[in-house]
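> Pasting a structure below so you can have a look.
Where a number appears in this text, it was derived from the coordinates with a stated rule and is not lab data. Worth saying up front: this structure is predicted, and the values here are computed from it rather than measured. A quick note on method: Cβ atoms are made from the backbone with ideal geometry, for glycine too, and the neighbour counts reach across all protein chains shown.
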Amino acid sequence: MSALAYDGTAILGRNLQRMRHSPGLLILTQTMPINMLLFFGYVFGSALATPGQAYRAFLVPGLLVATAANGIMTGMFQAAQDSHRGVMDRFRTLPMSRAAVPLGQAAADLVVTTVGMLPLMLVGLAVGWRIDGSALEVAGAVGLLLLFRFAMTWVGILLGLASRSEEAAGQLGAATFMLPLLSNAYIPTDNLPGWLRTIAEWNPISAVATAMRDLFGNAPVPTDGAWPVTHPVAGSLAWCALLIAVFLPLAVRRYTHGGR
């Protein structure tokens, strides 16, 4: 086993233990989508063009993607906490791979997310969402969802390492709640004003949400719109590759140089 894999596995175990003993943030980020499904699906669904069960079937894939996008918030908060409490300073004194610490955090988040998505999917099935895609398409949807979470976690890790304090990271993390609102996660973008529709369709969340609906067999791919939503699987993979290529090396560099 390489040094990176060995050290990363050790940090993975440490972060899983940490999450187990501090479940507050995880409970919040995992129960909020279920509450939003019940609230949006039953309260707002009656006021939309796709009411009731049809809207809930549209909403569940969007909420799964919005939950994946919360990787920014959890990654930011956990990185800021370790950074400002001196934990990462102690890690830097150890003879270990510099990439292992942020990689272990991202891997631990991915493990927890994999388990945490299940309750939302079960509640979705209970309220009328159905999976009509093939087994291969469903496996592709889940894999794409986790890849997106992994990419967004690296964004959060970098922002957490760059934050001035834990409080600042928490405030900025809460602001990321707006990202799914500027996408097609909760509502179709067809009737939005032109400039706002363009912003929403170029939001990475929109591409992944459209890909989820296509792969799960919930809605056809739109033929009109920005390239990422008319080619959602390719668009999602492109966004994930770009986010990882930019933010992973920047986060590792930030950690290596002690936040400078």
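> Cα axis of helix 52-69 to longest principal axis of the chain: angle in degrees, 0 to 90, nearest 10?
20 degrees
> Using a Gaussian network for the chain with springs between C-alpha atoms less than 10 Å apart, which of these wobbles most: SER236, SER83, SER134?
SER134
> What's the FRET efficiency of PHE39 with ARG14 using the Cβ-Cβ distance as r and R₀ = 51 Å, to the nearest 0.05?
Working: r = 36 Å, r/R0 = 0.71.
My answer for the efficiency is 0.90.
> Considering only THR93, THR74, THR31, give the residue with the highest GNM mean-square fluctuation for the chain, with springs between Cα atoms whenever their separation is below 10 Å.
THR93
> Additional query: Express in whole angstrom the spacing between the alpha-carbon centres of the stretch 204-260 and the stretch 101-121.
Comparing the Cα centres of the stretch 204-260 and the stretch 101-121, I get a distance of 17 Å.
> Quickly estimate the mean residue ellipticity at 222 nm for the chain, helices only: each DSSP H run with n ≥ 4 gives -39500 (n - 2.57), and the total goes over all residues, rounded to 500.
On the way: 13 runs with 191 residues, N = 260.
My calculation for the chain gives -24000 deg cm²/dmol from helical runs alone.
> I've got another one for you. Counting C-alpha atoms alone, how compact is the stretch 3-256: give Rg to one decimal and Dmax as a whole number, in angstrom.
18.4, 59
> For a footprinting-style exposure proxy, rank PHE58, PHE91 by other Cβ within 10 Å, fewest first. Can you show the working numbers first?
Numbers: PHE58 23, PHE91 18.
Ranking PHE58, PHE91 by Cβ neighbours within 10 Å, fewest first, gives PHE91, PHE58.
> Treating only the Cβ of Lys, Arg, Asp and Glu as charged (+1, +1, -1, -1), what charge dipole size does the chain show about its Cα centre? Round to the nearest 20 debye.
On the way: 16 positive and 12 negative charges, 160 e Å.
Roughly 760 debye, rounded to the nearest 20.
> Quick one: length gained pulling THR31 to HIS257 fully straight, 0.36 nm per residue minus the C-alpha distance? Before the final figure, lay out the partial values.
On the way: separation 226, 0.36 × 226 = 81.36 nm, distance 3.61 nm.
That pair, THR31 and HIS257, stretches by 77.8 nm at full extension.
> Name all residues of the stretch 214-249 having a backbone nitrogen under 14 Å from the label point set 7 Å from the Cα of LEU192 along its Cα→Cβ direction, giving them as ranges.
225-230
> While we're on this one: Counting alpha carbon pairs within less than 8 Å and at least 6 residues apart, what relative contact order, in whole percent, applies to the stretch 3-256? Display every interim value, and only then the final one.
Details: 357 pairs, mean separation 67.6, N = 254.
That works out to 27 percent.
> Just to confirm a number: summing +1 for Lys and Arg and -1 for Asp and Glu over residues other than LEU125 whose beta-carbon lies under 13 angstrom from that of LEU125, what do you get? Display every interim value, and only then the final one.
Numbers: positive: ARG56, ARG130; negative: ASP132.
It works out to a net charge of +1.
> Ordered by residue, what ³J(HN,Hα) values in Hz, to whole numbers, does the stretch 198-203 give under the Karplus form 6.51 cos²θ - 1.76 cosθ + 1.60, where θ = phi - 60° and Gly and Pro are x?
Working through the residues one at a time gives 4, 4, 5, 6, 8, 5 Hz.
> Additional query: Which net charge results when you count Lys and Arg as +1 and Asp and Glu as -1 among the other residues whose beta-carbon is under 13 Å from that of VAL229? Display every interim value, and only then the final one.
Details: positive: ARG197, ARG213; negative: ASP190, GLU201, ASP214, ASP224.
Residues near VAL229 contribute -2 overall.
> If we sort 10-18, 249-257, 178-186 on the protection proxy, mean other Cβ atoms within 10 Å, highest first, what's the order? Present the calculation step by step, with values, prior to reporting the outcome.
Working: 10-18: 16.4, 249-257: 18.1, 178-186: 19.8.
Order by mean packing, descending: 178-186, 249-257, 10-18.
> Also, quick follow-up: If Lys and Arg each add +1 and Asp and Glu each add -1, what is the summed charge of the other residues whose beta carbon sits under 15 Å from the beta carbon of LEU192?
Working: positive: ARG197; negative: ASP190, GLU201, ASP224.
Result for the local shell: -2.
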